[in-house]
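Here the structure comes first, spelled out in structure tokens, and everything after it is commentary.
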Amino acid sequence: CHFASIVHRALRLNREMTLRKNRFDQPVGPSIVGWTVPPPPPLIATSGEYCRLEPMSTGAHAEGLSVAFTSGVEAEDWTYLPFGPFETTVEAARWVEEWSGRDDVRYYAFVDPVSRMPKGVASFMRIDPSSGCVEIGGILYSRSLSRTAAATEGMFMMLNQVFELGYRRCEWKCDSLNEPSRRAAERLGFSFEGVFRQATMYKGRSRDTAWYAITDDDWPLLRDQYSRWLDTGNFDPSGRQKLSLSSLTRPYLRPQDSNSGHLAG
């Protein structure tokens with residue numbers, strides 16, 4: 001793992017130092033050869049060992065998610081979300097209906113493969129096939145899903161899907177003050193890229209937005225680390241992890257962006 005990290009960093013450094021120049025002697029980015037515009041992420045179900053991803057729909061998920069969002073989510077879980085909190089199951093079901101089956105934002109339910117109950121959601125948003133870029137966001141987990149192998153496997157399946165389709169970049173954005181989301185991004189292998197000041201407003205507040213991303217250059221090595229972490233041998237009989245995902249992905253974060261003191265600037 002350490003040797004792979006050294007090679008990964010050396011390749012990055014070499015790429016960044018080897019600048020192409022045009023006929024005006026101006027530095028320009030590397031040529032894109034053989035890349036084709038990918039399709040939007042398909043609304044299909046994907047099954048894993050611990051989690052099943054299903055395109056969110058009113059008929060299949062409204063009832064279960066309504067319960068999860070009203071009785072399985074704590075009040076503080078809503079602070080940094082642009083929607084919610086939902087006071088009643090009717091209100092939660094209405095939100096599921098509103099956001100199901102859309103093309104611009106594609107929500108997936110994280111479903112327990114045994115009980116068949118949905119326990120959380122995440123979406124592909126800001127889908128831009130022409131530039132090969134997509135964002136994962138709108139994430140809300142019930143407490144029974146949060147910090148589980150199922151939650152991580154669901155994220156893995158979403159990431160693997162977009163890079164297999166041919167996307168070049170997957171983004172993660174959050175309120176710069178949302179420290180749990182920032183820790184989650186880095187744990188999942190997203191590298192910090194900076195803060196956009198006063199980027200938006202929500203719930204009557206101004207928001208500085210922290211940007212993170214994984215590129216198609218990053219993904220092959222990160223995918224291997226996910227596979228190591230998700231392997232059943234990484235968990236003891238009581239389900240406790242032996243190796244943390246953070247310890248496996250940390251070597252592959254961009255070195256200049258992996259400083260935990262990034263809030264101090």
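The values are calculated or read from the model by the stated rules, or taken from the named source; none is laboratory data. Owing to the predicted nature of the structure, the values given are computational and were not obtained by experimental measurement. Positions of Cβ are backbone-derived with ideal geometry, glycine not excepted, and every protein chain shown enters the neighbour counts. Ligands, DNA and RNA are excluded from the accessible area calculation, which covers all protein heavy atoms including side chains. Shrake-Rupley method; radii C 1.70, N 1.55, O 1.52, S 1.80 Å.
In table form, for the structure just shown:
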{"item": "Region 78-188 shape via C-alpha gyration tensor axes, a/c threshold 1.5", "result": "rounded"}
{"item": "Per residue, in Å², the accessible surface of the chain once ligands and nucleic acids are set aside, probe 1.4 Å", "result": "53 Å²"}
{"item": "Percent carbon-and-sulfur accessible area, region 139-265, ignoring ligands, DNA and RNA, probe 1.4 Å", "result": "49 percent"}
{"item": "Isotropic mean projected area of the C-alpha convex hull, region 139-196 (nm²)", "result": "4.5 nm²"}
{"item": "Spread of Cα-to-Cα distances over 10 Å intervals beginning at zero, given as percent, for region 202-258", "result": "19, 36, 23, 18, 4"}
{"item": "Charge tally in the Cβ shell below 12 Å around VAL96, where Lys, Arg are +1 and Asp, Glu are -1, VAL96 excluded", "result": "-2"}
{"item": "Evaluated at q = 0.10, 0.14 Å⁻¹: base-10 log I(q)/I(0), Debye formula over Cα of the chain", "result": "-0.54, -1.07"}
{"item": "Net dipole in debye of region 148-265 [+1 Lys, Arg Cβ; -1 Asp, Glu Cβ; about Cα centre; nearest 20]", "result": "400 debye"}
{"item": "Within region 206-250: Cβ-based charge dipole about Cα centre, in debye rounded to nearest 20 (Lys, Arg +1; Asp, Glu -1)", "result": "240 debye"}
